[in-house]
């Protein structure tokens, strides 16, 4: 078995008759002089060498490959974000289509060609299986990632200008929410198979708190650094760890609804460490199991995010204060107005009253 490569490192070469002492950088079969005998200066040269090595290089005709730009963005920036997995999925999807293309080829026309390929599904080069068709919302996120990567590379001096990246039109806000009978059907479908039974817990937590999928899956019964946790003694749900980055997607700490709290106390009493777990371990991906239970329940259009829409919609239909709804679910008043206002019993109430008074003489 060949020995594992050690990677670039410093080596002090002693003086000989024909040359002086010097620190050199050894990288496999290569040897590069740092030009100094000072250890500190040599380490600075090594860091510079490593940085240059990790930086994507231009191809022979001077262009930067799109895949190199995406990789650089993912390695230097993506891993520092609150949701690196989301960026990783976008980069994987982009790289499959843009392989071999340079950033100079990014244009409104090529972006539209990418969007069309994603809408219909296509066979990536070297692959045996075609991609599944996706909607404009997914395509917008992916091309938005491409735009961010190109801007990042421009700021780092790898691109002299940023090519134009065009996105498909944003889809209208979804108004899909579940009735109580549909929720019951979804829970029954989850419990019908031992392999998907854990999703019943996911549904309950997501519905009672209106929390996003990643928040629910990352939450435990004790404080940790990677996600939120429930404080059963105080009845609080801390949806984010203190060290987690703040993002536009708000996740405020909230009081646990009494019914959910009783469920959580029972689960924890049975030894659970995560709010949603399989055989004692946290769950990272529910995609395949979710598709299974929604088909079983006869609800093929329902996604995990539908549970959040449902929770907010039910709160609006119950006539709760929009301020309280905004604070509890971490949703802006602007979004409540645009997406959910028509569900509130007070929606257009004063306008309707005014219409009823039309034609009456003022008293």
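Things worth noting here:
- Selection from the range 39-74 of residues that are modelled with pLDDT under 80 and in a loop (DSSP other than H, G, I, E, B): 55, 56, 57, 58, 59, 60, 61, 62, 63
- Enumeration of residues in the range 184-243 that are surrounded by fewer than 22 Cβ atoms within 10 Å (Cβ to Cβ), assigned to a loop (DSSP other than H, G, I, E, B) and touching a residue at least 40 places away in the same chain (Cβ under 8 Å): 192, 193, 195, 196, 212, 221, 222
- Screening the range 93-119 for residues that are part of a helix (DSSP H, G or I) and out of contact with any helix residue (DSSP H, G or I) (no Cβ under 9 Å at 6 or more places or on another chain) and picking the one that is surrounded by the most Cβ atoms within 10 Å (Cβ to Cβ) gives 96.
- Residues that are loosely packed, with under 12 Cβ neighbours inside 10 Å and under 26 Å from residue 221 (Cα atoms) are absent from the range 299-320.
- Test: residue in the range 160-181 that is in contact with a helix residue (DSSP H, G or I) (Cβ under 9 Å, 6 or more places away or on another chain) and in a helix (DSSP H, G or I): yes
- Within the range 120-152, the set of residues being within 16 Å of residue 101 (Cα to Cα) and either within 24 Å of the chain's Cα centre (by Cα) or crowded, with 18+ Cβ neighbours inside 10 Å (or both) comprises 124, 143, 146, 147, 149, 150.
- Yes/no for residue 18 being modelled with pLDDT under 75, exposed (fewer than 10 other Cβ atoms within 10 Å of the Cβ) and closer than 30 Å to residue 98 by Cα: no
- Residue tally, condition out of contact with any helix residue (DSSP H, G or I) (no Cβ under 8 Å at 6 or more places or on another chain) and not in a helix (DSSP H, G or I), over the range 275-300: 4
- Test: residue 285 is closer than 24 Å to residue 188 by Cα and at pLDDT below 95: yes
- Of all the numbered requirements in (1) at pLDDT below 95; (2) within 25 Å of the chain's Cα centre (by Cα); (3) farther than 16 Å from residue 204 by Cα, residue 350 misses one, and that requirement is (2).
- Among residues that are in contact with a helix residue (DSSP H, G or I) (Cβ under 6 Å, 6 or more places away or on another chain), closer than 22 Å to residue 329 by Cβ and not assigned by TED's automatic domain parsing to the domain that holds residue 268, residue 257 is not included.
- Residue satisfying condition, being touching a helix residue (DSSP H, G or I) at 6+ places or on another chain (Cβ under 6 Å) and either crowded, with 20+ Cβ neighbours inside 10 Å or at negative phi (or both), within set 63, 88: 63
- Residue in the range 327-336 that is farther than 16 Å from residue 255 by Cα and out of contact with any helix residue (DSSP H, G or I) (no Cβ under 9 Å at 6 or more places or on another chain) present: yes
- Failed item in (1) over 23 Å from residue 195 (Cβ atoms); (2) modelled with pLDDT of 95 or more, with residue 276 passing the rest: (1)
The values are calculated or read from the model by the stated rules, or taken from the named source; none is laboratory data. Values in this document were obtained by computation on a predicted structure and should not be read as measured data. In this analysis, Cβ positions are derived from the backbone assuming ideal geometry, glycine residues included, and neighbour counts consider all displayed protein chains.
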